[in-house]
Every structure is written in C-alpha cells, then in structure tokens.
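*Asks:* This is the structure, below, for whatever I ask next.
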C-alpha cells in the first residue's frame, strides 16, 4: 500500500523539501496534470485502508509552491463521476478562475479537462478546494484539497518552515467514509464533522523534532468541511505573522489560542521549547452545555532534540502587502446585510460543541431540520439577483447576522476584508477572506470592491453552500 505521503517532521518536511514542481521532466511551459485519484488512508478504527480521493494520488494534495510573480499552470483532468471546479481560497484571482460555478462559468464535466493559468497577485498561504456545487461536499470530504504557497521575495530567516493541514474523517461501521452527504440531519445540522482527525494525511498527532530554541514558521490550514478548530499552543509563545494569506504586524494571540474555521490559514512563528521541556499544539476540546470540557486533541507534539539553536535577537515579521489599501472609507461604503437562518434548533452552546467535534451518544434519529435561509432565500441554487452591484473601487460593508444555532464561517470570494469593531469605529489589524460568526451574533466586515466580476459570498462548508447559505455580489 503506497500512501504517497509528505512527511511533517523537521528535516523531512521543511517547506523547501515540499516544493511542488512538475513531476518528472516536462517541456517548458507545459501544464502540470492535476487529476483526482484514489488514496488509501490508514486510519485508526478501520479494519482496512480507507479509500479517499486526492490530487496526484495524495491527500492533502501536492503542495504547489511558487515565487511571487510566477504562473500557476495546471491542466485539471476530471476523472470523477461529477462535475469538478477548483476554488483558490484567498487568492485575489481573476473571476474566470475562481471556481464558483455558475458565476464563473461551468464546472469541468466528467471526463473533460480545463486549463488553469493565472498569476497570484500576492505572496501568501492559500488553499485549493472544490468550488460551489452539490458535489463539492463529497469531493472535499474525501480529501480533494491542498495548499498553494507563493513565497515572499525575501522570506524571513527561520530554521524550519513546516505545514500542518488538519482534516477530519467521518467513517461508518464498515470502516468506509460515510456516504450520507445529502442527509438533511447532517447538512442542516453541524455538517460533515468526523471523529478521526489527521494532520498531513496521518492520524494526529504528528511530531516535530527540532533543536531547542529553533525558530519555526508553521503554516496551519483547516481543510475540514465543517469542523471548527480552537488551536492552542502549549509550552511555546506563538506570534501570528499572517492570516488567510495576508501578512499582519506580528502579535501574540490571547491565551496563545486561535480559532481556525474551515478553510482558514494561519502563518505562525514560535521557538521550540528548551531541552527537556514539553510543548504541543492542540485542538481544544468542546464544552457541551451542562457537561465538563472534553479532552484536548494533540495535533503536533514538539520534541526538542539535539544541541540548542543559537538565540536570535531580531523578531520575525513579514512585509505588509502594499497592494491593499491602508484604510477603507466606511462613510462611503455600500452597506449590505446577510441574515442567516434555519437549520437545527439547539440549546445555546451545543451547536459550537458539535462543530468542535463533540459526538453525543446515539439517540433516536431527529426529524429533518428546516432548510438554511440567507436573506429568506432557501434551497439549492443561487438567488437570481446579486446582493449588491457596485462600481470597481467602491468600499463595501457587509453585516453577517447569524440567527442559527451554529457558528457560521462565511467566505467572500475574490477579495480580502477587515473585521470591523462592533460600533464600526475601526477594524482589527489584519485581513481575512472569511469570518467566523458566533451563534446569535452579528459580525461586520469591510473591503474595497476592486476585483471585477460576479463573486460568491457563502459558507465555507460546501454542504451548507449547496443547501442555501450562498449568495453573490457584482463588481463592474
């Protein structure tokens, strides 16, 4: 059984060792073939290897790594039985390549090919994953995802540059991936949350062995369909360098903890623990209503090994993106409200616990919850009219009003945005392409609509996208 995996451990999983150029010798300018194929996963509790899907026969798929200004040049070969579109999350891409059918054109039909040629405008950490459509939930859940890294012209010096792609797997009694992708109780509930968590395609935790005090740049991605990760760093001091691919002034997160919604990416720097000290990166256990907190799930164990690394005096930082506006004129913004409703009605806090992986004891099968609704629109398919149509260069402010029982991670395609303070008197000092909206709360964002086209605004969970939590806006 050839799992065709990339190793995570230091020395084996440095970012340089994960560079993804075309396999074998190819003529200059020839596209790299990008085809989903079966992958055999060895997962705990499964009597035999679990069949997943992956590009180039691996999940997560190959790490695509470019220098800033280089071209992504792929030929997508759809060997699946359903249409396939690739969305490049966080890339401020030309609309035609955003992978959100039907807004960006049709998906690639089974047996067909499509050439994907674009130059990412920004350095950063991005993800590729199936785009909008009823088939995307199964395609993502079976492993069709991966990372795109566009290097800065002068990357900061670190001892180890590593990736951690976190995913989860929902298996049935037969040890196979459950095929209940259209089950209303799941689609209108917590979504596809699995009991088995992997890091870089292997059961968690992974081990990072490095010299005590070595400086690490961790590129963390939540590749799961619906799981909400609350990630804590134990025994080290993390500093966030970039969020969703866009650099920020480095800052230490509150309680050394970051919420990582589906599809989110974080660049985080830390120094390895001292010799003999313990350290780890964990997903916090959920706290179901009326119950004690569940155990934390270790994602990465930090193992200081060898002689201490020389101390570094200079702090690590990434240059801010000069292509993004230093300020957004909120007083001139077009304001849009998106009201999220429907889904299962649950006691306060239970929806978040389920999203974090709480698996309650089996009970009687619940009745089908009501459908999701976005501004009153329910069911499959996008609304006929856009949320708003604006001229290029117009500032836009969006309010996500979450009236559901679950945290909702909402993604704006083609743009990056600021998370506004509650009184709209300022914004957080970083950019996002998605925002986590807690149950019963409202989150406001603002962005400059500077990328022409028809752009999706939707849940990052494809099963919720297809079931109603999706709309669109237009930039002319």
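*Asks:* May I ask you to say which residue of 113, 198, 207 is at pLDDT 95 or above and under 19 Å from residue 45 (Cβ atoms)?
*Replies:* Just a single option satisfies the conditions, and that option is 198.
*Asks:* Which of the residues that make up the range 322-357 are surrounded by fewer than 19 Cβ atoms within 10 Å (Cβ to Cβ) and closer than 30 Å to residue 270 by Cα?
*Replies:* 322, 323, 324, 325, 326, 327
*Asks:* Does residue 304 meet the test of being within 18 Å of residue 241 (Cβ to Cβ) and either touching a residue at least 24 places away in the same chain (Cβ under 8 Å) or surrounded by 11 or more Cβ atoms within 10 Å (Cβ to Cβ) (or both)?
*Replies:* No; evaluated as a whole, the condition is false for this residue.
*Asks:* Here's something else I'd like to know. Does residue 288 qualify as being crowded, with 17+ Cβ neighbours inside 10 Å, in the same structural domain as residue 231 (by TED's automatic domain parsing) and either in contact (Cβ under 8 Å) with a residue 12 or more places away in the chain or in a loop (DSSP other than H, G, I, E, B) (or both)?
*Replies:* Taking the combined requirement at face value, the residue satisfies it.
*Asks:* Separate question: Strands (runs of 3 or more DSSP E) wholly in the range 395-476 with at least 2 residues that are touching a helix residue (DSSP H, G or I) at 6+ places or on another chain (Cβ under 8 Å) and either touching a residue at least 60 places away in the same chain (Cβ under 8 Å) or surrounded by 23 or more Cβ atoms within 10 Å (Cβ to Cβ) (or both) - which ones?
*Replies:* Counting at least 2 such residues, we get 453-459.
*Asks:* What single numbered condition from (1) surrounded by fewer than 23 Cβ atoms within 10 Å (Cβ to Cβ); (2) modelled with pLDDT of 95 or more; (3) assigned to a loop (DSSP other than H, G, I, E, B) fails to hold for residue 61?
*Replies:* Of everything listed in (1) surrounded by fewer than 23 Cβ atoms within 10 Å (Cβ to Cβ); (2) modelled with pLDDT of 95 or more; (3) assigned to a loop (DSSP other than H, G, I, E, B), residue 61 misses just condition (1).
*Asks:* Okay, next question. Considering only residues that are modelled with pLDDT under 95 and in contact with a helix residue (DSSP H, G or I) (Cβ under 7 Å, 6 or more places away or on another chain), look in the range 120-135 and name the one that is farthest from residue 94 (Cα to Cα).
*Replies:* Among residues in the range 120-135 that are modelled with pLDDT under 95 and in contact with a helix residue (DSSP H, G or I) (Cβ under 7 Å, 6 or more places away or on another chain), the one farthest from residue 94 (Cα to Cα) is 134.
The values are calculated or read from the model by the stated rules, or taken from the named source; none is laboratory data. Since this is a predicted model, take the numbers as computed values, not measurements. Every residue, glycine as well, gets a Cβ built from its backbone with ideal geometry; the counts of neighbours run over all protein chains shown.
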